[in-house]
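Sharing a structure with you now.
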Amino acid sequence: MTNRLEQFVTKPSELAEVCEHLASARRFGFDTEFVGEDSYRPKLCLIQVATEDRLILIDPFEVGPLDSFWKLVVDPANEVIVHAGREEVRLCQIWAGKRPGNVFDLQIAAGLVGLNYPLGHANLVYQLLGVSIAKTETLTEWRDRPLTSQQIRYAYDDVRYLLQLGAELKQRLNDLNRLAWAREEFERLATWAEEEDETPQEKWRKLRGLGSLTRRQLAIVRAVHEWREETAQRLNRPPRTLCRDDLIVEIARRNPTKEKDLLVIRGLARRDSAGILAAVERARDLPPDALPLALPREIDPPEVTMLGGLLSTVVQHLCAELKLAPSLVTSANELRLLVRARLLKEKPRDSLLNTGWRREHIRRVLMDVLDGRLALRIAAEREAAAMELVDLGQQLSTRETDLSGRGS
């Protein structure tokens, strides 16, 4: 793959030929350059693709409709290799209306074989292939034309090594018998964009400062947030440029009834007053049974924090033993919820630890620690590892045997 053809596609006829090439390849690297800070939907500025024979840049400003390309990305017969592909998945959902059919994410795969997670593209290339690549154009203006020679070189380099990295990581996954784990993670990545696209109505719950609000005030937050989303989409503007998150919460606290009440809030534009007041009025008119429920405020007892810290240490030890990136496996909040469910007899909540390979290989061990069947101690053989897990049941059985022998 050292002498691949470099192709810059700017014509519909060239795009058609490239799509035929990709359809026959059945495996290609994929990346995009886009600008998202000035609009509701990100503006696609460049598509980069790599096959065994070619490095391809597609100019979406020139080639016309990209339907034929997106069909290839969503076709499960094509393996699409990405690095940190969350945005590529989201953009595919936006522009194709579907998720990628068969994605292989290098960053996730790296975490599953013991490399750091998340690991940047340049670091991954260097660690696996020993090649240094420059990341000098990350903040470049991709909307301008013509692209500079530096931008073009950067764009080619972004996909140049994706296939090699994919082959190397797939081999390591296979050696560790983790290809099924990887497929589980890639499926979760692909479905994330679908779920994000289908459930926008609850996004308002993610705003900070909701804990002290009444149900009526929460209804105002929800209504103003909906107004902001609808208006931003219609005007193709970033939602927070219309009204910041903290201002939505402040509006709910004040419950304004006229424009004068709104304009005392610094940061709101007069032009949006009518829309905001109409949203507030709709929330004010809701009957009590239509108001959103306030989520209970959780106050963890000290032992939850303590045991969460212990489980975090166990996870670090397990990941070192199993060659896994701890930050890919679980989070401090998931460990906290696991401890709460065990100590406070709460119903287990949705958590990655309750699914798939994590349940079998991580959660099971954590529950054995919480239930007193396993203990973590400083290892006797310090050369091997600093810590080790001890089966307390086996130790108790051995001790009872020793005592029985002494008694006889």
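The values are calculated or read from the model by the stated rules, or taken from the named source; none is laboratory data. Quick caveat: nothing in here was measured; it's all calculated off a predicted structure. All Cβ positions, glycine included, derive from the backbone under ideal geometry; neighbour counts span all protein chains shown.
Based on this model, can you work out whether E185 counts as surrounded by fewer than 17 Cβ atoms within 10 Å (Cβ to Cβ) and assigned to a helix (DSSP H, G or I)?
Criteria not met by E185.
Yes or no: the stretch 107-117 includes at least one residue that is farther than 18 Å from A167 by Cα, touching a residue at least 40 places away in the same chain (Cβ under 8 Å) and either assigned by TED's automatic domain parsing to the domain that holds T191 or of a type in the set (D, E) (or both).
The answer is yes; a qualifying residue exists.
Looking at R27 and the list (1) touching a strand residue (DSSP E or B) at 6+ places or on another chain (Cβ under 8 Å); (2) within 19 Å of R143 (Cα to Cα); (3) at pLDDT 95 or above; (4) not β-branched (V, I, T), which single condition is not satisfied?
Among (1) touching a strand residue (DSSP E or B) at 6+ places or on another chain (Cβ under 8 Å); (2) within 19 Å of R143 (Cα to Cα); (3) at pLDDT 95 or above; (4) not β-branched (V, I, T), the lone unmet condition for R27 is (2).
Within the stretch 131-150, identify whether any single residue is farther than 20 Å from E52 by Cα, of a type in the set (V, I, T) and under 21 Å from the mean Cα position of the chain (by Cα), and answer yes or no.
yes
Which of (1) outside the structural domain of G275 (by TED's automatic domain parsing); (2) in contact (Cβ under 8 Å) with a residue 24 or more places away in the chain; (3) in contact with a helix residue (DSSP H, G or I) (Cβ under 7 Å, 6 or more places away or on another chain) is the odd one out, the single condition T191 does not satisfy?
Here T191 meets the rest and fails (3).
Moving on to the next point. Within the stretch 128-145, identify whether any single residue is touching a His at 6+ places or on another chain (Cβ under 7 Å), in the same structural domain as V49 (by TED's automatic domain parsing) and of a type outside the set (S, T, N, Q), and answer yes or no.
No: the stretch 128-145 contains no residue that is touching a His at 6+ places or on another chain (Cβ under 7 Å), in the same structural domain as V49 (by TED's automatic domain parsing) and of a type outside the set (S, T, N, Q).
Let me ask you something else. Residue check: is L169 modelled with pLDDT of 85 or more and in contact with a helix residue (DSSP H, G or I) (Cβ under 6 Å, 6 or more places away or on another chain)?
In short, yes.
While we're here: Please verify whether the stretch 294-302 includes one or more residues that are surrounded by fewer than 13 Cβ atoms within 10 Å (Cβ to Cβ) and either outside any loop (DSSP other than H, G, I, E, B) or under 23 Å from the mean Cα position of the chain (by Cα) (or both).
Yes, the stretch 294-302 contains at least one residue that is surrounded by fewer than 13 Cβ atoms within 10 Å (Cβ to Cβ) and either outside any loop (DSSP other than H, G, I, E, B) or under 23 Å from the mean Cα position of the chain (by Cα) (or both).
I've got another one for you. Only one of these is more than 26 Å from P42 (Cα to Cα), surrounded by fewer than 17 Cβ atoms within 10 Å (Cβ to Cβ) and in the same structural domain as R205 (by TED's automatic domain parsing): L277, L235, L286. Name it.
Of L277, L235, L286, the one residue that is more than 26 Å from P42 (Cα to Cα), surrounded by fewer than 17 Cβ atoms within 10 Å (Cβ to Cβ) and in the same structural domain as R205 (by TED's automatic domain parsing) is L286.
Restricting to the stretch 66-101, and then to whatever is under 14 Å from V18 (Cβ atoms) and not aliphatic (A, V, I, L, M), can you tell me which residue is surrounded by the fewest Cβ atoms within 10 Å (Cβ to Cβ)?
Checked the stretch 66-101; the qualifying residue surrounded by the fewest Cβ atoms within 10 Å (Cβ to Cβ) is D67.
Does A279 satisfy the criteria of being in a helix (DSSP H, G or I), touching a residue at least 24 places away in the same chain (Cβ under 8 Å) and within 30 Å of L235 (Cβ to Cβ)?
Yes.
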